[in-house]
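J.: Before I ask anything, here is the structure I am working with.
The values are calculated or read from the model by the stated rules, or taken from the named source; none is laboratory data. Computed from a prediction, not measured in an experiment: that's the story for all the values here. Please note: Cβ atoms are built from the backbone with ideal geometry, for glycine as well, and neighbour counts cover all protein chains shown.
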Amino acid sequence: MKLLERMSSVFPAAKTHPDILGHPRGLYTLFMTEMWERFSYYGMRALLVLFMVDQIADGGMGLSDQTATAIYGLYTAAAYLVALPGGWIADRLIGAQRAVWIGGITIMCGHFVLAIPGVGTFFLGLILVVLGTGLLKPNISAIVGELYGADDDRRDAGFTIFYMGINIGAAAGPILCGWLAGGDWHYGFGVAGIGMLAGLIQFRASRGYLGAAGLVPEAAVAHSSAFRARAYSVIAAFLVLVLGLLIAGLIGVVQFDAVRLAQGTTTIIAVVALLYFASLFLFGGLTKEERGRVVVILALFLAAAMFWAGFEQAGSSLNLFADRYTIRQFGEFVIPAAWFQSLNPVFIILLAPLYSMLWVTLARRNLNPAAPFKFAIGLVTLGAGFAVMIGAAELVAQGRQVLPTWLIFTYLLHTMGELALSPVGLSSVSKLAPRRFVGQMMGVWFLANSLGYIIAGLIAGEFNADAVDEMPALYLQIVMTTAGAGLLLALCAPVLKRLMGERH
């Protein structure tokens, strides 16, 4: 209890403030915080694989494509996996506001550690960014929800504004970090840390506008000091274990193979998810209607994992394609390869309002597609994006470089697929999951992202720079897998819609 009292002195209760543009002032505090956090995350993400595969003489790590993309997959997957305990820590121990604050500090430290040359600092920096993201990412969204009442009509509009902050940061990060990395990779990592620092400063200066949203919940206050002591002991033991494994790997006591680790993690996540669904069917006491809805969630889970496995090629194989095979010099100016990572958030900013209007218009005419069909549209559109890359790869296989327009159209189609699928996922789970299992289902849903991200890293490792003639066939395989799965899901959509009942 003394710990909570000390933390309350750092985050005192705030007064109520008038709205700005029809929304709570705290929304703009969170908008800016998330914008800077995404600036740092996507800025560093755009450099990660390029830095790892760059020659040591040029300031990189000299890793093979296969190893670098496997590390990338593990990193992006871990950032989603730790969001589960991150949410628990906020709910049971420290509250969402403090979780965002501590998470932001940890992220900032991670980026600054990455800015220090060295193998040890590289992996320590990645670990810190992952841990910080796990604390900040789920809890800042939770605070946004707490700013509005359950029946507040402004809630959806508020999340839309917040979502724009995410994409503004995601668009700006690769541009600035990629530009500075042209002089030295570590400058790019350093400016990502400065971005997170800016987010922390404005969060601390304006957090009073959040009021009671995200403060220590009553459930946390009600826990005994013994419970909190055990919880903090487990957290400390986990951090010591992670640090110990890092040190053991650096001094050679333990040998880590990134590819095998990614393969093993993929298997573990897939088995855990399938065992969860199996146990739910066998021992969950589900009614016939609930069983049908869980079948739909399982189908969407598999579709989402497949989608992210293709979509997340953006930071790995497509990033390398931009660096190695794309014409980037125009006159005296050379476009940094990392800048292509800004295309997706820019397209989201431009297209999201159009998609929103489309769904609303279709809904008014009772033509709004059910979630399975929207997922099918997302997968087919993703496949269409990779179909564009087949043509680009054919030119590369002939020994030519290609214009940036190939990647631009690919990212445009991928973004269109994302907008059809991504916003629908969590909403569908919250509607379809049996009421007594909603929390568990939301947690399991994030496993789809993690599973897809790790698979994405493994797929990217199949693109061999010494065998560019194989590249068109690899892209064709991705097209057949993603678009084929989308078409299959579209065929099954009527059946799945019936299983959804009235919750479609």
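J.: Can we say Gly158 is more than 21 Å from Leu243 (Cβ to Cβ), among the small types (Gly, Ala, Ser) and in contact with a Gly (Cβ under 9 Å, 6 or more places away or on another chain)? Step through it out loud before you land on a result.
T.: Working: more than 21 Å from Leu243 (Cβ to Cβ): yes; among the small types (Gly, Ala, Ser): yes; in contact with a Gly (Cβ under 9 Å, 6 or more places away or on another chain): yes.
It is true that Gly158 is more than 21 Å from Leu243 (Cβ to Cβ), among the small types (Gly, Ala, Ser) and in contact with a Gly (Cβ under 9 Å, 6 or more places away or on another chain).
J.: Among the residues of the range 468-491, count how many are farther than 18 Å from Gln313 by Cα and at pLDDT below 95.
T.: 1
J.: Can we say Pro174 is farther than 18 Å from Gly26 by Cβ and either out of contact with any Gly (no Cβ under 9 Å at 6 or more places or on another chain) or not in a helix (DSSP H, G or I) (or both)?
T.: no
J.: For a quick check of your reading of the model, give me the residue pairs whose first member lies in the range 394-405 and is free of Cβ contacts under 8 Å to residues at least 60 places away in the same chain, whose second is part of a helix (DSSP H, G or I) and surrounded by 12 or more Cβ atoms within 10 Å (Cβ to Cβ), with beta-carbon atoms closer than 6 Å and at least 6 apart or on different chains.
T.: none
J.: What helices (runs of 4 or more DSSP H), lying completely within the range 184-278, carry at least 1 residues that are in the same structural domain as Leu131 (by TED's automatic domain parsing), touching a Phe, Trp or Tyr at 6+ places or on another chain (Cβ under 8 Å) and among the polar types (S, T, N, Q)?
T.: On the way: elements: 185-206, 218-222, 225-251.
Fully inside the range 184-278 and qualifying: 185-206.
J.: In addition: So for the range 357-374 (the condition being touching a Pro at 6+ places or on another chain (Cβ under 8 Å) and surrounded by 14 or more Cβ atoms within 10 Å (Cβ to Cβ)), does at least one residue qualify?
T.: Let us first name the residues in the range 357-374 that are touching a Pro at 6+ places or on another chain (Cβ under 8 Å), namely 362.
So of that shortlist, the ones also surrounded by 14 or more Cβ atoms within 10 Å (Cβ to Cβ) come out as none.
No, the range 357-374 contains no residue that is touching a Pro at 6+ places or on another chain (Cβ under 8 Å) and surrounded by 14 or more Cβ atoms within 10 Å (Cβ to Cβ).
J.: How about the range 120-173: which of its residues are in contact (Cβ under 8 Å) with a residue 24 or more places away in the chain and among the acidic types (Asp, Glu)?
T.: Passing the criteria: only Glu146.
J.: Hand me the list of helices (runs of 4 or more DSSP H) wholly inside the range 50-163 holding 2 or more residues that are among the aliphatic types (A, V, I, L, M) and more than 17 Å from the chain's Cα centre (by Cα). Explain how you work it out, then say what you get.
T.: On the way: elements: 65-81, 83-89, 96-114, 119-146.
Qualifying helices (runs of 4 or more DSSP H): 96-114, 119-146.
J.: Okay, moving on. Looking at Leu197, Leu245, Leu250, Leu176, which is the one that is within 26 Å of Ile89 (Cβ to Cβ) and touching a residue at least 24 places away in the same chain (Cβ under 8 Å)?
T.: Working: Leu245 fails: touching a residue at least 24 places away in the same chain (Cβ under 8 Å); Leu250 fails: within 26 Å of Ile89 (Cβ to Cβ); Leu176 fails: within 26 Å of Ile89 (Cβ to Cβ).
The unique qualifying residue is Leu197.
J.: Restricting to the range 423-434, what's the tally of residues that are more than 13 Å from Phe373 (Cα to Cα), part of a helix (DSSP H, G or I) and modelled with pLDDT of 80 or more?
T.: If we filter the range 423-434 for residues that are more than 13 Å from Phe373 (Cα to Cα), which is where we start, we get 423, 426-427, 429-434.
If we keep only those that are part of a helix (DSSP H, G or I) as well, we get 423, 426-427, 429-432.
After this cut, where a residue has to be modelled with pLDDT of 80 or more as well, the list is 423, 429, 431-432.
Selection size over the range 423-434: 4.
J.: For Ile235, are the conditions met, namely being of a type in the set (Val, Ile, Thr), touching a residue at least 24 places away in the same chain (Cβ under 8 Å), more than 26 Å from Ala456 (Cβ to Cβ) and surrounded by 10 or more Cβ atoms within 10 Å (Cβ to Cβ)?
T.: Judged against the criteria, Ile235 is a match.
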